[in-house]
Every structure is written in C-alpha cells, then in structure tokens.
1. Could you check, for the range B:302-320, whether at least one of its residues is open to solvent by 40 Å² or more (accessible area, probe 1.4 Å), modelled with pLDDT under 90 and not in a helix (DSSP H, G or I)?
2. For A:Lys8, only one of the following conditions fails: (1) over 28 Å from A:Leu232 (Cα atoms); (2) at pLDDT 90 or above. What is its number?
3. Taking the conditions exactly as written (open to solvent by 10 Å² or more (accessible area, probe 1.4 Å), in contact with a Pro (Cβ under 8 Å, 6 or more places away or on another chain), aliphatic (A, V, I, L, M) and touching a residue at least 12 places away in the same chain (Cβ under 8 Å)), does A:Leu147 satisfy them or not?
4. Return yes when B:Tyr236 is over 30 Å from B:Ile142 (Cα atoms), more than 27 Å from the chain's Cα centre (by Cα), away from chain A (no Cβ under 11 Å) and at pLDDT 80 or above and no when it is not.
5. Can you pull out every residue in the range A:43-61 that is more than 9 Å from chain B (Cβ to nearest Cβ) and without any contact (Cβ under 8 Å) to a residue 60 or more places away in the chain?
6. Given the criterion at pLDDT below 85 and aliphatic (A, V, I, L, M), identify the matching residue among B:Leu456, B:Leu427, B:Leu474.
7. Out of everything in the range B:348-379 that is among the polar types (S, T, N, Q) and part of a helix (DSSP H, G or I), what residue ends up being surrounded by the fewest Cβ atoms within 10 Å (Cβ to Cβ)?
8. Kindly evaluate B:His382 against the criterion of being surrounded by 20 or more Cβ atoms within 10 Å (Cβ to Cβ) and within 14 Å of chain A (Cβ to nearest Cβ).
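The values are calculated or read from the model by the stated rules, or taken from the named source; none is laboratory data. Keep in mind the model is a prediction, meaning the values are calculated, not measured. Glycine gets a Cβ as well: all are built from the backbone with ideal geometry, and neighbour counts include every protein chain shown. Quick note on the areas: whole protein, heavy atoms, side chains included, nothing else; ligands and nucleic acids left out. Shrake-Rupley method; radii C 1.70, N 1.55, O 1.52, S 1.80 Å.
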Amino acid sequence: MLKIKDLKKVYGTTTVVNIPELTIEKGDSIGLIGNNGAGKTTLFRMILDLIRPEKGEVLSNDMNVADFEKWKDYTASYLDEGFLIDYLTPEEYFHFIGGLHDQNKAQVDETLSGLSEFFNGEILNKGKYIRDLSKGNQCKVGVASCLLQNPQLLMLDEPFANIDPTTQIRLKGILKELNREKQVTLIVSSHDLNHVTEVCQRILLMEKGKIIKDMQTDSNTLKELEEYFSVL
Amino acid sequence: MTITFFVHQWKAFWRSKNTGKSIALRVLMAVFLLYLLANLLFLSFFLDKILAGTFPDRDVITSFNSVLLYYFLFDLVIRYQMQELPTMSVQPYLHLPIKRNKIVNYLSVISLFSAFTISPFILSLPFLIKVLLPQQGAVALIAILISILGLNTFNHFFILWLKRKENLNAWFMLLFLIAMAGIGLYDFYWQGQSLSHYSSLLYCAILLSPWYAAGHLLLGITMYFINYQYLRGNLYLEELYTNSSSKISSTEFPLVNRFGKVGDLAALELKLIFRNKRPKSTVMKGLLFIFYGLIFYTNPQVASNPMGLVFCPLFMMGAFIITYGQFMFGWQSSHFDGILINKIDSNDFFKAKFLLFSLFSTASFLLTIPYVYFGWKILLMHFIMYLWNLGISTLIVLFFANNNYKRIDLSKKGSFNWEGVGASQWLLGIPFFLVPFMIYFPFKWMGYENAGISALAIIGLIGILTRNFWLALLVKKFNKKRYQIAEGFRNE
C-alpha cells in the first residue's frame, strides 16, 4: 500500500524525519507513537504531500504522491482543524466532501444516518458553523468526513485527544471494524498507549525523526512501551 | 500592569507571522503615513486662507467657529466606519489575579492610540497659534483646545460604546444612522438654523467665557465612564465576542450549481465571502466602485479623456477581481491543507476562480448599464473593459496569487487591516493598471484612438479564448509552489 524510501526532512539544522525504509501492507493497522517533536505529524504531512521532503519519496500503490494525485481517490485523513472548512455547517461540509467523490446528497445523508451513534446528537441539525463547534466536535466532523469517503487508507493524527470517553470507545470500535471487515489500512497516532495497542496490530515508535521500534502487538506490548517511555 | 499589557501587545504585533517580515512594506507604510500627516499639516497651515476663500464675507475666526461642530459630526461618521474596538485578546488574563479595573482601563487607554485622537489637534493647532493667539490671547486658545479635547474624547468613547452595544443589538446601529441622516437633512433644508449657526454661537460663547469649555471636557469624561462601566460589567468572553446564536440554515447558489465540481468550489467561495467579516467588507467596498462613473462621467471633459474612457471602466468592471483577487489564495489559508489533501483537481480549483471572477464582473457590467445615459460609447467601453478584465486581468491576478504566501484571518475587520498584505499586492497593481494604457496610448498618440480601443477588445477576447492554455501554465506553477503556499498559510 505505502512504501517509504530514504525519506528525510530537515528544518534548519535539525532532522525532523529520517526514515530509510518503511513498507505498509494493505490491511495493516499501524499505531504511530512517540513524544512531542518525534516527527509524527511531519511524517503524516509528507505522506499526504503537504510538505516537500528534502530527500526520498513516498509511494502510494507504487505511485509517488508528489507526482500523481491518484492517491486522493482512496486516502482519507484528518490531522487538524486546518482540514475543515470552518465557515460551513457540518452538513454542508459533508455534502461538499461527498460531492468530491461523486456522491449525491441522499447518499451522503444515508452514510451520516449510520453515524448518528458516533455523533451522539452533537453534530447534525444544530444550526452552527464548524468554527463554533468545540474541538472535540470538530474532530468528530473530521473523522466522519473521512469515513464518508470509503477510503482504503485512513490516516488520523491524535483522534482520541479531544473527544469524550464514549466517543473514544465508539471510534475504536469503528476503526477496528473498518480494518477487520473492509481491510482498510489504518495509520493512527496517539499519546494514549492503551488506545493504540487496543486498535492497532503494528506499532511504530518514533524518536527524533527515526523509527526506532517496529513491532507486532501482543500481550506484552503495552508493558514494553510503558517501560520505554518511563525511562526516557 | 498597564505597562506589562503594553509590552505584551507590542510583542504580539511584532512577533505575529505577518508583521516584520518585509522591510519594504514597513517603509512603504511609513511613507504613506507621513504623506497623510504632511497633507494634514499643509491643510492646517493654510486653513485661514481656505476659510477666507470659502466664506469671504465673514472673519476667519467666526468661520472657524462655524465649521467646528461639522468637524465633530463628520468625525463621528468616519469613526463609525473605521474605528476598531481595542483588539487585545483579554482571554489569557481573565483567570489570573489581575483586577478587572486594570484590564478595562488598559483597553480604554490603548484605544486612544490612533490617528483619530491627534488629527483634530494637528488640523487646528497651527491655525489657532497663527490666528487666534494674537487676536484673542492664550486663555481663549486653551479653552478651544480643551473643548476639542472634550468633544474628541466624547466621540471616541461614544463610538466604542455604540459598537459594543450594536454587537448585541442591531437597533443601536439603525438609531445612530437615522440620527445622523436626520441631522444631515435638517441641516440641508433649514440652512438659516443650520449646525453652523449653533456652532458659531457655541464657540463665540466659549471665546467670551472660556470656562464653558469645561462643559465639553465633562461630556468627554462622562462618556469615558459610561463606556468604562459598560465594559467592566460585560467582561465575559461570550459577551465580548458574540456569535449570533440564531440557527443557521444551509444556503444554495442555484446559479453556480450547474457547473458541476467547479460550481461546487465556486459556491464554497461564495459562502466564504458572505459568512466572514473581512472578505464580506472587502467585496462590499469593491461593489461601491460601481459609483466611480458618477465622478468621471458627469464631467464631459473627463469622460472623453483616457481616464474616463479606459481607467474608469477598467476599475468598475474589475473591482472584484482586484480587491478580492489580490489576496488570493490567502482567503482560504485556514483550510488550505484540506484543499490539498482532498480530491480536488487543481484545474477545477483554478476554473472556480475564473467562474467567480466572471460572476462578479458580469454583475458589475449589468449594474452599470444605466450609465448609458451619459452616452452609448460608455456602454461600449464597459463591454470592452469587461472582456479585458475577464481575459487579461484574471490571468494577472491568478499569476500573482501563486506567489502569495500570506495568511489571512477571516474573522478580523476589513479597514486598515494589513494582515495578508505583502509585496505581491503592491506589485500586482502595476500590470493591472499599466498594461491597458500601454496598449491604448501608442494608438492614441498616433491619432487612431478607435484602433487602440479595438486592440484592447481583441486582446481581451484572445485572452478569453486561449484561457485553457494559460490555465495549464498556472496549474503547473501552482503544483510547484503549493508546498510553499501551504507552509505560509499554516498557523504555527
């Protein structure tokens, strides 16, 4: 699904991302962890072709993301509020995103009605612009707009950070189901080790721009990770 | 504490992403301000001559007295348009052990640092020293100055108070506008008892008994406290920054819907314009330019010279393109990442801009048809410059948009907002205004004016017909520049 070759990003004198080689297979569910400044968001942005790497390339289905735009057909992502068009109402935004994937309003509304439990009555028909929603509810809008696109690759940057416990549990359920039932490739970052180890089968641990651990999740993973972070 | 606030503000200004980057811009701003100041000083030094010329049958001081109240009335209207509420975001201070009085005091004091505060003094002081001091003495001078200080302070805090009230209740705005219009009409229809009459009565009285001026000062101080009390009682976040709580429903633009994905993108940008403060006021101001014709066409001599023939239609037809287009794509800076990662074709992205430009230029063209009253040639020129704007100006503006990396906060006010202004905006004006003249003038000098006009029309038309070629070039450049643009727009 994704191949990263010799990827490097430098700001001034500090190297923020330096990944010689990384392959992500279709159907993988990846948990990306690491302390602040480890380079998680920068990596996300390079995979999404938002910043230009100094060196190396990201191949999505064997096509360089910087040269082809095909990846946009099957990749959905939510990194931060900068992805949302904040002067729209959530409904308008969903219809807009759906329209980009040639879905008409009825189709979008149908998908949304399936998400009513996830929204918990906080998003639809509230008569508010996205900019007037709380951070947690904005995150819900971002995640829902991803689900709407029926992606094969789904990337979320710290989706659990601002949402309430109920939504966290529901989101974990949705992600696991997408991965299991539809073989959607997931890349999710989080600071909460419990969440990632629960959702993801493969954990990538970043430190100072490098991936220093790449492991399959098992019963010892959480303990191992906790040990790593406590001695750091 | 006031000093600490001031230091924070100072840092906030200089460290914000948009200021301090380009020295050229700072120099230009300084030159512009100095120029304005020089104008005021010039006006002030020759005020006695101007007054003597305007009212030859009265003595200068009486005329000065008679216009003073007009000044303050005018000041009130201009302030209402331009003056901004003090912008320090108080949010980071409200929960700290800082007395409310201090915050409110700071907000009041800092708001006084504006051109409005000093301009009446610059405008009157040289005149007063030159004319009034020798005739009436120092006491009279001080009395007049105190009165100016009082009324100026009153205007200042009255407008602040009014604007805050108006945020919560739009009736205040209506009342104010009706009152202003009422005074204007009254003055116009009953000239015998007009404002100038009251103005001279008032100020002649002050010259005779200077302590009357204290009344004006009292008025100013009272207004300060009214504003102070109001602000102090309402220093809650939700009340300072009101979002209208009325329920918002979705809007549709059937006109652009038929254009498919391009239409969707254009509809998105129309919503951007109508739902955000700064783009809305920018576009509204752009639409005001359709009254340009009233200045140019009413004078037959101007109407037939190049300014009237080429410049005025160029500006009226292209008002939206230049005023709104100059900040592209900065308007979309807050969600530019979202545009890049979503399935939006760069071609469609640019085509939507063309659609938007066409929409507004067509509206300008239709709205200015009544100018045909001043002659058919004007309508013809409107049409030709309409073609020109669609064919050429759009390309110029979008070319510069690819070089604009300045973020814009949509929720801020429009006037005197320098955010998002960079070298690109200054440079853009040069080709936008010069190129049409460069094509038109050579023909005109050789005596073939009509050929010059035809050349403009033909080039405009060629621009429209070959648009896809230029579009491909713009998209290619955009794809190269998008990382840089996105980085400039990101707010971190």
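1. yes
2. Every listed condition holds for A:Lys8 apart from (1).
3. Values: open to solvent by 10 Å² or more (accessible area, probe 1.4 Å): yes; in contact with a Pro (Cβ under 8 Å, 6 or more places away or on another chain): no; aliphatic (A, V, I, L, M): yes; touching a residue at least 12 places away in the same chain (Cβ under 8 Å): yes.
When the stated conditions are applied, A:Leu147 does not pass them.
4. Numbers: over 30 Å from B:Ile142 (Cα atoms): yes; more than 27 Å from the chain's Cα centre (by Cα): yes; away from chain A (no Cβ under 11 Å): yes; at pLDDT 80 or above: no.
Here the answer is no, as B:Tyr236 does not meet what is asked.
5. Narrowing the range A:43-61 to residues more than 9 Å from chain B (Cβ to nearest Cβ): A:43-44, A:46-47, A:53-61.
The answer is A:Met46, A:Pro53, A:Glu54, A:Lys55, A:Gly56, A:Glu57, A:Val58, A:Leu59.
6. Details: B:Leu456 fails: at pLDDT below 85; B:Leu474 fails: at pLDDT below 85.
Unique residue meeting the criteria: B:Leu427.
7. Filtering the range B:348-379 down to residues among the polar types (S, T, N, Q) leaves B:358, B:361-362, B:364, B:368.
Remaining after also requiring part of a helix (DSSP H, G or I): B:358, B:361-362, B:364.
Numbers: B:Ser358: 17, B:Ser361: 23, B:Thr362: 13, B:Ser364: 25.
The qualifying residue surrounded by the fewest Cβ atoms within 10 Å (Cβ to Cβ) is B:Thr362.
8. Values: surrounded by 20 or more Cβ atoms within 10 Å (Cβ to Cβ): yes; within 14 Å of chain A (Cβ to nearest Cβ): no.
So B:His382 does not fit the description; no.
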